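Below is one structure; the comments refer to it alone.
Just so it is clear, none of the values below were taken in a lab; they were calculated from the coordinates. Please read these numbers as outputs of a predicted model, since none were measured by experiment. All Cβ positions, glycine included, derive from the backbone under ideal geometry; neighbour counts span all protein chains shown.
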Amino acid sequence: MEAQSQVVDRLRSSFRSGVTLPEQFRQTQLSRLLSMLKENEEKILAALHDDLAKPKFEAVLSEVELVLGEVHYAISNLRSWMQLEYCAKNMATKLDDCFVRREPLGVVLIIGTWNYPLQLVLSPMIGAIAAGNCVIVKPSEVSPATDRLIAELIPKYLSQDCYAVVSGGAEETKALLQHRFDHIFYTGSQAVARCILQAASVHLTPVTLELGGKCPSVVYGRVNIVAAARRLIWAKFFNAGQSCVAPDYVLCSKATCDTLVPALRAALQDFYGTEPQTCPDLSRIVSQKHWTRLVELLEKSKAKVVVGGETDEEDKYIAPTVVVDVAEDDVLMQEEIFGPILPIITVESLEKVIDFINSREKPLALYVFSDESSVINTVLEKTSSGGFCSNDGIIHMTLPGLPFGGVGASGWGSYHGRWGFETFSHRRACMMRGWALERLNGLRYPPYRDDKLSWLRWTTRTNCSIM
Amino acid sequence: MSREEQAVARARKAFDTGRSKSLEHRIRQLRNLQRLLSERQKEISEAIKKDLNKSEVVIQLYETLGLEEEINLAIRKLKEWAAPRPVEKNLLTISDTVYIKPEPLGVVLIIGAWNYPWAVTIQPLIGAIAAGNAAVVKPSEVCVHTAKVMEELLPAYIDKELYPVVSGGVSETQELLRQRFDHIFYTGNSVVGKVIMEAAAKHLTPVTLELGGKSPCYIDKNCDISIACRRVAWGKYTNCGQTCIAPDYILCEPSIQDQVIEEITKSIKEFYTENPQTCPDYGRIINQRHFKRIMAMLDDSLVAVGGDSDESDCYIAPTVLRDVKPEAKVMQEEIFGPLLPILPVSGLDEAIKLINKGEKPLALYVFTPDDKMIKRIEDETSSGGLMANDCLVHYSVSSLPFGGVGNSGMGCYHGKFSFDQLSHLRGCLIKKLNKEGMNNMRYPPHTSKKLGWARFFILKSIDLGWIGRMALLAILVGVAAVVLQNYLK
């Protein structure tokens, strides 16, 4: 098996050869990625089921289709993304060519994670390939079946000189980070992100950090409680709550809580039946370690379980659970839940809702359910978050026009669609001057004089539109 | 609480009141900054002259003129920059509102540099204010008089809680870096850049690093050597070579080396007279430490022009070195001084090889009439910026992003790029609670029919004009009615 440094060196010399630069090469690789997904859908679904008991529906929608959508989008738009972008000029530079050229960075590292093991590795990879880089992908070892499948398929379909998969755990990842990359794209936790950033600082490597946080879901004011509950349940229990943009907890008034809980119960029953453990449409927790973590949270919590609460260790099963009477300092409110437990915290005014949100770290997503647009606008204006969605959850991340990423503790940088291409590109400012008008240049040369300065001020004014 | 901690805490408290966010506030502060530059030009210039021996005209040209332009641009364009930016939607969100909302990050730390102290410290501040942030400004302690003037003048014109000036040296900067910021904007060298990035890791703070490097300058033998050399000499010896994008060294064929030296010599005389030390338009090295650093580089190279110096005056003459080898001392780090080495190369191939052996520079210059040659350099090298047939000027075009890549930096600014760099671009999807029926296709219990519809609706993306959107909506409503009626019960 190839040593890590050999892989990095090989990719670096491939990059230096210029093979990834032409549009045709990138299009070919993207098309092969398309084939890879289409020809192996069954294998992919099986691996995802192995790792997370992912229902076929969820796997198809959130893993396969999402990635297919991104590849198609990149293929259709690559040419326009690669085009030179000509810029506005001032009068002194009117006769020059000023443009921005998108260039690949070199060899980039993408570190995936386990909750959407295929999407979170391939989606950034699409941006990296489209931008003309060589890519090393490090899938998460916590989802081993998908890890193995990615390691098998990528070399089969994509150029082995330019793209490689490195598998392994924490030790291998640490070793990988000793090498020099031109960009590191990491999805995962804040604790590991700090290590990544430290390793990156050694080589001044730019990073993109897609982290998480506790995504608040505000339910406030006049609201169609049935519709809100259904959308909330869907977004929360998709992948058994193991989504970085899952609504983590609910903020609402006591009165709303009283109508919300029965609506949540009804929606849960509609979706997963009366025996959710037998329902094929509900995922499982990814590992014993995470199952234990979640069960312990439930045990230590002082909140009251009003829906669900059942668990099964052998099956790594936790029932969709709703808890109320949650204190602000309850153990469920200490870190991102990342599981099928939905705490409801009651606060009695919109101001208190906003204070609650703002006294915590900026989340990756923020949700507001309300029929009153003033409520939505107030929360939007007075808070900050990676992304924002009113009256639904998760779905904003399927729009390639929106940059998907965090802010503050929830992350740095963004991707999806063109944003992925830009993340893995360098925008090189280019200016092409001619040889004429050297006399005009004379204004700027020493000996310096006040009258020269006045002329220069006039020519560099940007809003002069005579010429 | 230390002084630094207090300043940051006050700035955060002021930011939390929300007053930096309104457009009126931002424009008012920018106008105040404008007034500062025009009303206090004299004090600003006197301080810079004491620090760097720059003349009045030079100061206006290279420090304040650019700032005035940036402020004007920001004031004029702020409404547009800060407005929600609509983006394309997919079929399912066709009747929803989808846009990117630019928002302030919070409290930004701006660490300035000493070579163009006003330009590189205030230009990021303009972006920070325009984007609605609070900003702690830390001017470089190396330009002692300018730091003092900044500390006095800024609070007199702009909100002193939102935009405090914290001056000091290494230990004060370290204390600042222990505080939590929402962005750190640093201009300086790569060594300190790494320290900043490592310090930022603790709070996961994003950074913009405007660093430097050795900016190569290739002179093609077929170009107008006289014009090329005049432009290179201007780019090099302005501010005594202490410019992050100064042409660091020249690459050219041996056959033109003598001519290049001759033409540069002519330009030096034209700009700075026979005795640059007495010329008011020629600057000085910032301090003794840098003076010694630069002079040590002369050891193992051949001086063709200049070479004389005066330590008591921190004066180093405009100098050209010939037949320089890649192993020479002067080629080991960014010169940041008035030494111009010429490295003879056999042609463009060797030049490109040499350039690519080094770290990616902040700027790359090529002088040639041959478009194909320029294209090769574009394709086969990388750099923050690329300029053909002149030096430095790309800095002044505010519609070009100014920043490095690799060792020369991360992130960019100027014009709208400053605004975007110091904003959070928040993706927003505004939906209503109606049309719940449509959502049924994504809810469990899952059926393959639902899956088919979901594949079609949820993930297909389009960007239609208004009429197209209306037509599609009509079709969709019709289709949805049929689907709901027959398939999703």
Compute, for chain B, the length of the dipole vector about the Cα centre, with Cβ point charges of +1 (Lys, Arg) and -1 (Asp, Glu) only. Units Debye, rounded to 20.
3300
Cα Rg, Dmax, the protein assembly as shown, angstrom units:
29.6, 95
All-pairs alpha carbon distance profile, region B:300-350, 5 Å steps from 0, percent:
5, 19, 26, 24, 15, 6, 3, 2, 1
Bin width 10 Å, origin at 0, all Cα-Cα pairs of region A:369-467: what percent of pairs per bin?
11, 23, 17, 14, 20, 12, 3
Region B:134-179, Kirkwood Rh and Cα Rg, ratio Rg/Rh at 0.97
List the extent of the Cα atoms of chain A along each of their three principal axes, largest first, rounded to whole Å.
83, 57, 37
Any idea what the dipole of the protein assembly as shown comes to, in debye rounded to 20, about its Cα centre with Lys/Arg Cβ at +1 and Asp/Glu Cβ at -1?
1880
Subtracting the Cα-Cα distance from 0.36 nm times the residue separation, let me have the gained length for B:ARG31 to B:SER2 in nm, one decimal.
7.3 nm
Among region B:50-92, those whose backbone N falls under 17 Å of a label point 7 Å along Cα→Cβ from B:GLN41 are B:54-72
With everything on Cα atoms, drop me the angle between helix B:254-272 and the longest principal axis of chain B, reported from 0 to 90° to the nearest 10.
90
Could you please rank A:LYS56, B:LYS160, B:LYS357, placing first whichever residue has the fewest other Cβ atoms within 10 Å of its Cβ?
B:LYS357, B:LYS160, A:LYS56
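Please report, in debye to the nearest 20, how large the charge dipole of region B:110-232 is about its Cα centre when each Lys and Arg carries +1 at its beta carbon and each Asp and Glu carries -1 there.
Numbers: 11 positive and 12 negative charges, 76 e Å.
Roughly 360 debye, rounded to the nearest 20.
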Where both residues lie in the protein assembly as shown, what percent of DSSP beta bridges are antiparallel, nearest 5?
35
Output the pairs from B:LYS49/B:LYS269; A:LYS56/B:LYS432; A:LYS254/A:LYS304; A:LYS89/B:LYS101; A:LYS382/B:LYS89 with a Cα-Cα distance over 19 Å in this structure; if there are none, say none.
B:LYS49/B:LYS269; A:LYS56/B:LYS432; A:LYS89/B:LYS101; A:LYS382/B:LYS89
By how many degrees, between 0 and 90 and to the nearest 10, does the Cα long axis of helix B:448-459 differ from the longest principal axis of chain B?
40
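Rounded if a/c is under 1.5, else prolate if a/b beats b/c, else oblate: with a ≥ b ≥ c from the C-alpha gyration tensor eigenvalues square-rooted, which is region B:62-154?
prolate
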Could you list A:SER76, A:SER370, B:SER309 in order of exposure, starting from the residue whose Cβ has the fewest other Cβ atoms within 10 Å?
A:SER76, B:SER309, A:SER370
Would you work out which of B:ILE158, B:ILE184, A:THR113 lies farthest towards the positive end of the dipole of the protein assembly as shown, given +1 charges on the beta-carbon of Lys and Arg and -1 on that of Asp and Glu, about the Cα centre?
B:ILE158
Report the antiparallel proportion of the DSSP beta bridges in chain A as a percent, rounded to a multiple of 5.
35
If each part is reduced to its alpha-carbon centroid, region B:357-406 and region B:1-68 end up apart, in Å, by 30
Sorting A:PHE338, A:GLY308, A:VAL324 by the position of each Cα along the dipole of region A:299-340 (Lys, Arg +1; Asp, Glu -1; all at Cβ), the one nearest the positive end of that ordering is A:VAL324
Fraction of antiparallel bridges per DSSP, chain B only, in percent to nearest 5
40
On a 0 to 90 degree scale, rounded to 10, what angle separates helix B:348-357 from the longest Cα axis of chain B?
70
Quick one: grab the alpha carbon gyration tensor of region B:75-232, order the square roots of its eigenvalues as a ≥ b ≥ c, and give me rounded if a/c is under 1.5, else prolate or oblate depending on whether a/b is larger than b/c.
oblate
When the charge dipole of the protein assembly as shown is computed with +1 on Lys and Arg Cβ and -1 on Asp and Glu Cβ about the Cα centre, the Cα farthest towards its positive end, among B:TYR116, A:SER425, B:ILE430, belongs to B:ILE430
Site A:GLU275, offset 7 angstrom along Cα→Cβ, radius 18 Å on amide nitrogen, limited to region A:297-322, gives A:308-320
I'd like to know how region B:225-363 sits against the 2.2 N^0.38 Å rule of thumb: what's its Cα Rg over that expected value?
0.99
How large is the helix-only mean residue ellipticity at 222 nm for chain B, computed as the sum of -39500 (n - 2.57) over DSSP H runs with n ≥ 4, divided by its residue count, in deg cm²/dmol to the nearest 500?
-14000 deg cm²/dmol
Theoretical ellipticity at 222 nm over chain A - DSSP helices of four or more residues, -39500 (n - 2.57) apiece, nearest 500:
-13000 deg cm²/dmol
Averaged over B:403-411, number of beta-carbon atoms from partner chains that fall within 10 Å:
4
Taking every residue in B:431-438, how many Cβ atoms of other protein chains lie within 10 Å of its Cβ, on average?
6
